[in-house]
Structure formats: C-alpha cells, structure tokens
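Notes for the one structure printed next.
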C-alpha cells in the first residue's frame, strides 16, 4: 500500500475537504512542530483532484496553515519567552545569514535555513510579524504555486501514478539541492565572519 492510498483511506471518506484538511495539517505541523515535508503532502493532495481549481484551494490551505503556524509560535514565544542564551544564539545566527530582515522568510521557502521561523520572528527585535507573514505568503505562492503548476504539467503528460512519483522525485531533489546550498552558504558566511 503506498502513501497516497494510506492518505486517501484516512482522509478520502471526507472527500476533497478531507484532503484539504490533511494538507493544512501537514503545513501547520511543519510550521509549528518539526519539518514535515509539506511539499510531498501538497503533491499527494493534488493527485486527489488534479485540476486548477483544486490546486488553488490547496495553495490557500498551505498559506493559511503557514501563517497560522508562524503566528502560533510567535505568540508562544512572545508570551513565555525563551532563555537568554538561546535568544542570543538565534540573533547571532540571523546576523550572519544572507538576508537578516523579514525577507529571510521568503528565502526560507526556497532554502530552508530557519526552522521554527515564528520563534525567530518574535526574538529578532527588528522584525515585525506582519511584514514576516507578508513574505511567508509571497514565498508560499511562489514555491507551492510552482510545485502545483509542475504537477499539473506532469499530470497532463503522464498517467497519475507516474506524474505523482516524478513530482515527488523532483521535490526531493530540489530539497536536497536547497539543503546543500544552504549548508554551503552558511559555511561561507561563517568563514567570512571568522
């Protein structure tokens, strides 16, 4: 039994709403708890109904979940705080990145360099939640819009199973390249500062 079948067995009885809920939860977990590879879930969700209208619904679910997840983390850190040592480490980490303002949320969609970004939004005093969420939305539209567009392209030229596996392979390749690129960039930036 493949992952798509498991997903549809759990959420499929609820139709498209269940699939959208699954994608929403995957993005929410990714934004608040731990990296959850939401790209895979949006591709699997799209395979339920590979139409432009459903792609827009999935994209909106991803945007809302990302914004909600970042806001939840931001609110928790604002209310309960973090240890001073951790805050200092987070501030130093952001200082040596390519971009050290809220635009990092846009870069983070392409090359994941900041986990738990909602906490960073709270800790970095020069950042505002509103501006950071603006870049989260733009990043989601660009990244997941491209993923869904490419999925639609593959679905128009291949059978659904082949299209799905091609997209998953492509996303995993892109993630691997972006992790390597972010590691190299972090290392170079760190070496330049030392």
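Read the figures in this text as sums done on the coordinates, not as results from a lab. Bear in mind the structure is a predicted one, so any value in this text is a computation, not a measurement. Neighbour counts are summed over all protein chains in view; Cβ atoms, including those assigned to glycine, are modelled from backbone coordinates with ideal geometry.
For the chain, the longest principal axis of the Cα atoms and the long axis of helix 15-32 meet at an angle of about 20 degrees. Shown for 78, 102, 125, 66: other C-beta atoms within 10 Å of each C-beta, ranked fewest to most, produce the order 125, 78, 102, 66.
With respect to the chain, whose longest principal axis is taken over its alpha-carbon atoms, helix 38-48 is tilted by about 20°.
Would you mind ranking 58, 86 by Cβ crowding within 10 Å, fewest neighbours first?
Listed from fewest to most nearby Cβ atoms, that is 86, 58.
Remark: relative contact order (the chain) = 24 percent; criterion is Cα-Cα distance under 8 angstrom and separation of 6 or more residues. Of the options (1) 52, 35, 28; (2) 44, 32, 31; (3) 58, 36, 31, only one is Cα extents along the principal axes in Å as computed from these coordinates, and that is (1). The ranking of 54, 179 from fewest to most other beta carbons within 10 Å of each one's beta carbon is 179, 54. To the nearest 10 degrees, how steeply does helix 160-193 sit against the main Cα axis of the chain, on a 0 to 90 scale? Approximately 10 degrees, to the nearest 10.
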